[in-house]
Amino acid sequence: MDEQNFEFDEETKECVHALFENFWISRTMSLEMYVKIRERETILRKYFEDTFRWRLQINKELVKLEKVPVVAETWMGISAFRERLDYVLFCCLMSFLESKLPGERFLLSTLCDELLLLLNEIQPDTLKWTEQAHRRSFIRVLKYAETLKILTVEEGNVFDFGADEEQEVLFVITALYPYFLRRTAKEIKAYTHFEEFLQEESLNDYHRLYRHIFTSPLVHRSELTLGEKFWLDNVQRRIGETIVDTTNFELEVYREAALLTSSSPISHETFPDAKGISMAVLHLAQVVHGKVSETHEWATDVQGRLLLANAQFREGVHETKLRFGYGWSKEIQTYDLDTLVREVLNLLKTWKLAEESEDSVCLFAPLVRMVGQYPIDYQNKIQAEEVS
């Protein structure tokens, strides 16, 4: 497939970045970026269509890039939601709003009554507003809808509903609501499994590869089709150049994995970030690097992976805490070893840097090749404080 060389200036790359990072960009909330994207509509539409087969929706209210992945992954859930009920209630909220018009007002009590009827008709006793846990779940849903500007609160406070089911709130439906759901080939009721949403598009391996790279923190070679592997093996340099020319990312390819990195500030989630547990993971990488490349206590396989028994992984985390824990945040320093091991492993799995089985942990090549060290002046400062 011919890969067109788009002439992207820095502002166009800024638009691409904004579309990647945001669910949508509304005219009322981000007018400057909205205008920039509209001015570059032709080149942006062509870029996303030719590269990803993604639809760029542009109208008088917003711009929205429909970033459909190749496969659904755990981290793609709504971060504000904690329980299955949150998603159930959000779907019910969307169903309730479907019969409403932008600008229409409604009361929280009306919404609660409608949802109670809807859910209990499907499965009796699923929802009880007398239970505080159910009200808290619904508060998370309503706050998420507010964050997206699907709804705005005209009067009252949503959080008061958590303490008292009789609290009233007046909502207004915004003009953004009709654009939340993407268009599908058939009625939603006709789908029997969520994977059908992903499979209804006709993608070739070139588009699948780009989607894989841009919608996953790390792509393992085992996840790719033969066609995707062909593109990655034979056109890697050209794909990497295109990514640099059109985005703020760079493509890194290892023997068994590929991922995007960036030297530019990214406003959304990255690894590492400023959280203390990220620092602990980087220091663990330093310990692992030493045991693999210096003391040779541990050995990677031909694919660059490091397979550790649970006891070995725990030992590595413990050594990391002893060597580097003095510079961690107060919260992380107070973790007992079991908690620290669990938090470190959870972060590694979230970023697909590790895989856990019943009796072992597999660390993948990108982590094994990382190191995390304190600056020399910081180490000297800590040592001086200990002496004094």
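The values are calculated or read from the model by the stated rules, or taken from the named source; none is laboratory data. Quantities reported herein were computed from a predicted structural model and do not represent experimental measurements. Heads up, the Cβs are rebuilt from the backbone with ideal geometry, glycines too, and the neighbour counts pull from every protein chain shown.
Within the range 166-212, if we keep just the residues that are exposed (fewer than 13 other Cβ atoms within 10 Å of the Cβ) and among the hydroxyl-bearing types (Ser, Thr, Tyr), the residue that is nearest to ARG135 (Cα to Cα) turns out to be THR192. Considering every residue within the range 17-38, establish whether at least one is in contact (Cβ under 8 Å) with a residue 12 or more places away in the chain, of a type in the set (Val, Ile, Thr) and part of a helix (DSSP H, G or I). Looking through the range 17-38, at least one residue is in contact (Cβ under 8 Å) with a residue 12 or more places away in the chain, of a type in the set (Val, Ile, Thr) and part of a helix (DSSP H, G or I).
Annotation: of all residues in the range 54-94 being over 20 Å from the mean Cα position of the chain (by Cα) and part of a loop (DSSP other than H, G, I, E, B), the one that is surrounded by the most Cβ atoms within 10 Å (Cβ to Cβ) is GLU61. Contact map, the range 49-63: first residue farther than 24 Å from GLU32 by Cα and in the same structural domain as MET33 (by TED's automatic domain parsing), second residue in a loop (DSSP other than H, G, I, E, B) and at pLDDT below 95, Cβ cut-off under 6 Å, separation 6 or more or different chains; pairs are ARG53/LEU203. When the range 195-236 is filtered for residues that are of a type in the set (S, T, N, Q), over 20 Å from the mean Cα position of the chain (by Cα) and assigned to a helix (DSSP H, G or I), the ones remaining, listed by number, are GLN199, SER222, ASN234, GLN236.
Looking at the range 366-379, can you tell me whether even one residue there is among the charged types (D, E, K, R), modelled with pLDDT of 90 or more and over 14 Å from VAL281 (Cα atoms)? So that I can check it myself, show each step before the final result.
So in the range 366-379, the residues among the charged types (D, E, K, R) come out as 369, 377.
If we keep only those that are modelled with pLDDT of 90 or more too, we end up with none.
No, the range 366-379 contains no residue that is among the charged types (D, E, K, R), modelled with pLDDT of 90 or more and over 14 Å from VAL281 (Cα atoms).
Close Cβ contacts (under 9 Å, 6 or more residues apart or on different chains) running from residues in the range 287-303 that are without any contact (Cβ under 8 Å) to a residue 60 or more places away in the chain and on the phi < 0 side of the Ramachandran plot to residues that are among the polar types (S, T, N, Q) and assigned to a helix (DSSP H, G or I) comprise VAL287/THR320; TRP298/GLN312.
On the basis of being without any contact (Cβ under 8 Å) to a residue 60 or more places away in the chain and either assigned to a helix (DSSP H, G or I) or among the small types (Gly, Ala, Ser) (or both), does LEU44 make the cut?
Working: without any contact (Cβ under 8 Å) to a residue 60 or more places away in the chain: yes; either assigned to a helix (DSSP H, G or I) or among the small types (Gly, Ala, Ser) (or both): yes.
When the stated conditions are applied, LEU44 passes them.
Go through the range 237-252 and give me each residue that's in a helix (DSSP H, G or I) and of a type in the set (Val, Ile, Thr).
Residues of the range 237-252 that are in a helix (DSSP H, G or I), as a first pass: 237-246.
Hits for the range 237-252 are ILE239, THR242, ILE243, VAL244, THR246.
When each of VAL344, VAL371 is tested for being outside any helix (DSSP H, G or I) and either assigned by TED's automatic domain parsing to the domain that holds PRO217 or of a type in the set (Val, Ile, Thr) (or both), the lone residue that passes is VAL371.
Against the definition (of a type in the set (Asp, Glu) and under 18 Å from GLU146 (Cα atoms)), how does GLU61 come out, yes or no? Yes.
Across the range 39-53, which residue is nearest to HIS17 (Cα to Cα) among those that are of a type in the set (Phe, Trp, Tyr) and within 22 Å of the chain's Cα centre (by Cα)?
PHE48
Which residue is surrounded by the most Cβ atoms within 10 Å (Cβ to Cβ), if the candidates are limited to the range 258-282 and must be modelled with pLDDT of 90 or more and of a type in the set (Gly, Ala, Ser)? Ranking the qualifying residues of the range 258-282, first place goes to ALA280. When restricted to residues that are touching a Leu at 6+ places or on another chain (Cβ under 9 Å) and assigned to a loop (DSSP other than H, G, I, E, B), the range 175-192 contains 3. A search for C-beta distances below 7 Å between a residue of the range 367-388 that is within 27 Å of VAL292 (Cα to Cα) and among the polar types (S, T, N, Q) and any residue that is surrounded by 14 or more Cβ atoms within 10 Å (Cβ to Cβ) and at pLDDT 65 or above, counting only pairs 6+ apart in sequence or on different chains, returns GLN373/GLN286. For the range 312-350, residues that are touching a strand residue (DSSP E or B) at 6+ places or on another chain (Cβ under 9 Å) and of a type in the set (Phe, Trp, Tyr) total 1. Answer yes or no as to whether LYS143 is outside any loop (DSSP other than H, G, I, E, B), basic (Lys, Arg), touching a residue at least 40 places away in the same chain (Cβ under 8 Å) and surrounded by 13 or more Cβ atoms within 10 Å (Cβ to Cβ). Considered against the rule, which asks whether it is outside any loop (DSSP other than H, G, I, E, B), basic (Lys, Arg), touching a residue at least 40 places away in the same chain (Cβ under 8 Å) and surrounded by 13 or more Cβ atoms within 10 Å (Cβ to Cβ), LYS143 comes out as yes. Answer yes or no as to whether LEU308 is touching a residue at least 12 places away in the same chain (Cβ under 8 Å), assigned by TED's automatic domain parsing to the domain that holds LEU363 and not in a helix (DSSP H, G or I). So LEU308 passes the test. Number of residues in the range 151-191 that are farther than 19 Å from PHE96 by Cα and among the hydroxyl-bearing types (Ser, Thr, Tyr) equals 2.
Here ASP125 meets the list (1) touching a Lys or Arg at 6+ places or on another chain (Cβ under 8 Å); (2) modelled with pLDDT under 95; (3) not aliphatic (A, V, I, L, M) almost entirely, failing just condition (1).
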